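A.B. asks: Please read through the structure below; I'll follow up with questions.
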Amino acid sequence: MNSFTDTELSTYQKDGFLVARSLFSEEEINLLGQTARSDNAMDQSSAARDDGQGNAVRLALWNHPGDGIYGMYARCHRIVDRVEQLLDDEAYHYHSKMVLKDAKVGGAWTWHQDYGYWYQNGVLFPNLCSVMIAVDKATVENGCMQVIKGSHHMGRVNHILSGDQAGADMERVEEAKKHLDLIHVNMDPGDALFFHSNLLHSSAANESDHSRWAMICCYNAKSNNPYKDSHHPRYTKLEKVDDSKILQVGRNDASRAETQFADLNREDTSAKSLTEQSS
């Protein structure tokens, strides 16, 4: 069954996130990790994002899912059918990214809401959902994601530029922590975290000896089509694929890495626009 139960849907609406344990098999996730780590195009297109604390996180991003293994993940029924339950609408692929948080040097992500970025792109409502798929084990030691449970009910909070990142108003964040639970989301490879675009989340720097790579697939609702152009796409029909395509494509060395990566330094202006608005 590629669907959440009523209880799971209720949990997502209340908490703003939901972890689907072992959503992907060991072979599926190993093929994803092997492809990403040997993908020269991903490595060359990745850009560092200064965390404002002297470290940086590497990130590679692509707008259209494509026909390689990354696209098979983003287009598979196992993910998209669940996302459409959460959005209560047809979902389209807003973009995907690989977060390359390397051992010892991977920087932090400051507290933020994804809608804090995407608001700048002409997206009128926060009816978007992201799915973070753990490629590596995620622990407190290697900088797993932290979320403030239920914080999506606060609505969008103000964001300012912090290094190269859009950071949420820390006065609001600290106040939210007094009223809501802070959760460290520990994950095993193959687990998937579904989370609301207004959920406050962050991650600490990776000071461990173990990398923490994760792929995040982001989706918008068809009815929430942006009212202006940006570096992320307007509504584009998402062609779903059978779950079996992950292994089928992943086992094909010739085609599994087919993806058109974005030039983050040139194209991604969501965070930088915060400086322009405040100046």
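The values are calculated or read from the model by the stated rules, or taken from the named source; none is laboratory data. A quick note: this is a predicted structure, and the numbers were derived from the prediction, not measured. Here Cβ is always computed from backbone atoms with ideal geometry, including for glycine, and neighbour counts include all displayed protein chains.
A.B. asks: Restricting the search to region 131-165, which residues are in contact (Cβ under 8 Å) with a residue 60 or more places away in the chain, surrounded by fewer than 23 Cβ atoms within 10 Å (Cβ to Cβ) and of a type in the set (Gly, Ala, Ser)?
C.D. replies: Selection gives Gly150, Ser162, Gly163.
A.B. asks: Would you mention how many residues in region 152-182 are modelled with pLDDT of 95 or more and either among the basic types (Lys, Arg) or under 17 Å from the mean Cα position of the chain (by Cα) (or both)?
C.D. replies: Number of matching residues: 5.
A.B. asks: Can you find even one residue in region 24-42 that is touching a residue at least 24 places away in the same chain (Cβ under 8 Å), under 14 Å from Leu193 (Cα atoms) and out of contact with any helix residue (DSSP H, G or I) (no Cβ under 6 Å at 6 or more places or on another chain)?
C.D. replies: yes
A.B. asks: Residues that are under 25 Å from Asn265 (Cα atoms), among the hydrophobic types (A, V, I, L, M, F, W, C) and touching a strand residue (DSSP E or B) at 6+ places or on another chain (Cβ under 7 Å): does region 178-197 have at least one?
C.D. replies: Within region 178-197, not a single residue is under 25 Å from Asn265 (Cα atoms), among the hydrophobic types (A, V, I, L, M, F, W, C) and touching a strand residue (DSSP E or B) at 6+ places or on another chain (Cβ under 7 Å).
A.B. asks: Name the single residue, out of those in region 248-278 being among the hydrophobic types (A, V, I, L, M, F, W, C) and either surrounded by fewer than 16 Cβ atoms within 10 Å (Cβ to Cβ) or touching a helix residue (DSSP H, G or I) at 6+ places or on another chain (Cβ under 6 Å) (or both), that is modelled with the lowest pLDDT.
C.D. replies: Of everything passing the filter in region 248-278, Ala254 is modelled with the lowest pLDDT.
A.B. asks: Given the conditions (1) closer than 27 Å to Ala168 by Cβ; (2) at pLDDT below 95; (3) not in a strand (DSSP E or B), which single one is not true for Val99?
C.D. replies: (3)
A.B. asks: Would you point out the residue of region 2-15, among those that are β-branched (Val, Ile, Thr) and part of a helix (DSSP H, G or I), that is surrounded by the most Cβ atoms within 10 Å (Cβ to Cβ)?
C.D. replies: Out of the qualifying residues, it is Thr11.
A.B. asks: Considering region 16-39 alone, what residues qualify as being assigned to a helix (DSSP H, G or I), buried (at least 21 other Cβ atoms within 10 Å of the Cβ) and charged (D, E, K, R)?
C.D. replies: Glu28
A.B. asks: Now, a different point. How many of the residues in region 65-80 are of a type in the set (D, E, K, R) and either assigned to a loop (DSSP other than H, G, I, E, B) or within 11 Å of Leu32 (Cβ to Cβ) (or both)?
C.D. replies: Residues that pass the stated criteria total 1.
A.B. asks: May I pose another question? Across region 169-203, what is the total count of residues that are assigned to a strand (DSSP E or B) and among the polar types (S, T, N, Q)?
C.D. replies: 2
A.B. asks: In region 143-161, which residues are under 18 Å from Arg49 (Cα atoms) and assigned to a strand (DSSP E or B)?
C.D. replies: Met145, His159, Ile160, Leu161
A.B. asks: Do we find that Ala48 is assigned to a helix (DSSP H, G or I) and farther than 21 Å from Pro189 by Cβ in this structure?
C.D. replies: no
A.B. asks: A further question on this structure: Taking region 103-128 as the search range and keeping residues that are within 16 Å of the chain's Cα centre (by Cα) and in a strand (DSSP E or B), which one is surrounded by the most Cβ atoms within 10 Å (Cβ to Cβ)?
C.D. replies: Within region 103-128, the match that is surrounded by the most Cβ atoms within 10 Å (Cβ to Cβ) is Trp111.
A.B. asks: Which residue, of Val57, Val131, Val83, is more than 12 Å from the chain's Cα centre (by Cα) and not in a helix (DSSP H, G or I)?
C.D. replies: Val57
A.B. asks: Right, another one. Identify the residue in region 200-223 that is surrounded by 24 or more Cβ atoms within 10 Å (Cβ to Cβ) and either among the aromatic types (Phe, Trp, Tyr) or touching a helix residue (DSSP H, G or I) at 6+ places or on another chain (Cβ under 9 Å) (or both) and, among all such residues, is farthest from Leu100 (Cα to Cα).
C.D. replies: Asn220
A.B. asks: Further, regarding this structure: Being of a type outside the set (Phe, Trp, Tyr) and either surrounded by 15 or more Cβ atoms within 10 Å (Cβ to Cβ) or under 14 Å from Cys218 (Cα atoms) (or both) is the requirement here; does Ala60 meet it?
C.D. replies: Here the answer is yes, as Ala60 does meet what is asked.
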